[in-house]
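The values are calculated or read from the model by the stated rules, or taken from the named source; none is laboratory data. Worth saying up front: this structure is predicted, and the values here are computed from it rather than measured. Don't worry about glycine lacking a Cβ; one is built from the backbone with ideal geometry, like all the others, and counts go over all protein chains shown. Please note that ligands, DNA and RNA were not included when accessible areas were found on the heavy atoms of the full protein model with its side chains. Shrake-Rupley method; radii C 1.70, N 1.55, O 1.52, S 1.80 Å.
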Amino acid sequence: MRALVHAVLRLLLRVIFGAAPRQTIGDWPAIVVANHDTHLDVFLVFSLFPLWRVSRVRAVAAADYFGRGFLGVGAKLAFNTILVQRASGDASAALEPVREALRADCSLVIFPEGTRGEPGVLLPFKPGIGALAEEFPDVPIHPVALVGAERALPKGDPLPVPFNIEIRQLEKVYGRDLVRRHGAGARRAMAAELEARIREGLKEGEPLPPEAPAEEGT
């Protein structure tokens, strides 16, 4: 059923927004990280995986937003969400459900900004993605730059507009390479490198979005 839902969604993304990946992700398991502007983003990133594997792909989401109500039920059914407590004082404990999913051989969709930012503004990545890169050094991380989604469904706007959306798949990287470059325990630096890769991907062919102030958190 989930594969059927995603097949329909992919057709709509292609017809309405011209959004289609250049190639599907063949690595398994894998972590996909992307910029986050709209609710369309998770649909776009899931389209990178073969349909027959979407039941084993899980999206990491905020428990305070997706943990209840119709939105939470829909997200669970469509994206098999892993709920993370953003306000937790223990960042390591908050990531434990994500670790469990990787140990269970699931692939992950993660938006390391931790929230939807202002349209076209890439927020600093939280260090949690650096922790996962260090703890799972052999799982490939695929950075993805989503271009145009912020115009197609602006934050706070309930109805999408048929602007063209591009899914820019960037060169994958392994946690072991990030550790080699930045040193063990340098989780913020690892997260910053992934952020920089996506920032570069976003500015190909259009102006770079302005820097956002750094934030503390998971």
Simple spin-label estimate for Ser55 and Thr24 in nanometres, 7 Å along Cα-Cβ
1.5 nm
So how far apart, in nm, are the two label points at Leu11 and Arg180 if each is 7 Å from Cα heading toward Cβ?
4.5 nm
Average accessible area per residue (Å²) across the chain - probe 1.4 Å, nucleic acids and ligands excluded
48 Å²
Dividing the convex hull volume of the alpha carbon atoms of the range 1-157 by its residue count, what do you get in Å³ per residue?
114 Å³
Peptides 118-129, 94-105: what's the order by average Cβ count within 10 Å, highest mean first?
118-129, 94-105
Would you mind computing, in nm to one decimal, how far apart the modelled labels at Asp138 and Lys76 are, each placed 7 Å from Cα along Cα→Cβ?
3.4 nm
Area accessible to solvent at Lys76, 1.4 Å probe radius, in Å²
90 Å²
